[in-house]
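Below: the structure, in structure tokens.
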Amino acid sequence: MRAFADRADALAHCIQRAGEAPRVMAYDDTIGCPTETLLGALEWTRVVGILPDDDLLHAGRLTTDTAAAVVERRLPDGRQWVCLGPRLDIPQLEPIDGEILLDQPGVKAVAFADRALALAHFLRVTHGAGAIFAQLGRRAPELRHVRRWLVPIVNQLDSPRRLIAGWFAASSGGALFVGDHDEDDPYRYIEVGIDP
């Protein structure tokens, strides 16, 4: 665990520690993704089977009352990007070039053949505030690794914070959080892993 007063130093440390591991970063790192709802949403999606462990997380947004995500699924005939989120009855937010997989009260899932189209739909629905994206890496993290390492990381936090960057691999994971900016060290980096 390390504390940082400077945003640039904190992000540089997190990216350097990630190496080639799949990573996620906040769309707006002054907001980040609140940790209070993060673990609950990950567990809920596992229990109901909406997001299987082998899905790759390309984008996610959690608030106290809603959640949305873009995941990549490997299918026998190729890949598919699925945007899952709240069901919105707003005509102008109907998917472009997407196939509706699920349309139930409270949740809607739309499949896209292209990552860019799925992310564009995600941004149109969520406006990006508080969202995290798989970026600055060669691939997106698998949900199994996010679920495995995020629990022990968040359990080490001493106060409510928001996730602004993280990396998740098979053997370890790390995350960078931001707290209130009136603290001496508003940025906190926590890393966990398998001891050799």
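The values are calculated or read from the model by the stated rules, or taken from the named source; none is laboratory data. Note that this is a predicted model, so its numbers are computed, not measured. Quick reminder, even Gly has a Cβ in these numbers, built from the backbone with ideal geometry, and neighbours come from all protein chains shown.
Data overview
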{"read-out": "Criterion (within 19 Å of Gly32 (Cα to Cα) and out of contact with any strand residue (DSSP E or B) (no Cβ under 8 Å at 6 or more places or on another chain)) met by exactly one of Arg162, Arg147", "value": "Arg147"}
{"read-out": "Scope the stretch 113-144; condition over 13 Å from the mean Cα position of the chain (by Cα) and polar (S, T, N, Q); matching residues", "value": "Thr126"}
{"read-out": "Subset tally (residues that are at pLDDT 75 or above and over 23 Å from the mean Cα position of the chain (by Cα)) for the stretch 82-98", "value": "1"}
{"read-out": "From the options Leu102, Leu57, residue that is among the hydrophobic types (A, V, I, L, M, F, W, C), modelled with pLDDT of 85 or more and closer than 20 Å to Leu117 by Cα", "value": "Leu57"}
{"read-out": "Tabulated pairs, the stretch 139-161, first free of Cβ contacts under 8 Å to residues at least 60 places away in the same chain, second surrounded by 15 or more Cβ atoms within 10 Å (Cβ to Cβ) and assigned to a strand (DSSP E or B), C-beta under 6 angstrom, 6+ apart or interchain", "value": "Trp149/Phe168; Trp149/Gly173; Trp149/Val192; Pro152/Val192; Ile153/Ala175; Ile153/Ile190; Ile153/Val192"}
{"read-out": "In the stretch 134-163, residue surrounded by the fewest Cβ atoms within 10 Å (Cβ to Cβ) [restricted to those that are touching a Lys or Arg at 6+ places or on another chain (Cβ under 8 Å) and within 23 Å of Ala3 (Cβ to Cβ)]", "value": "Leu136"}
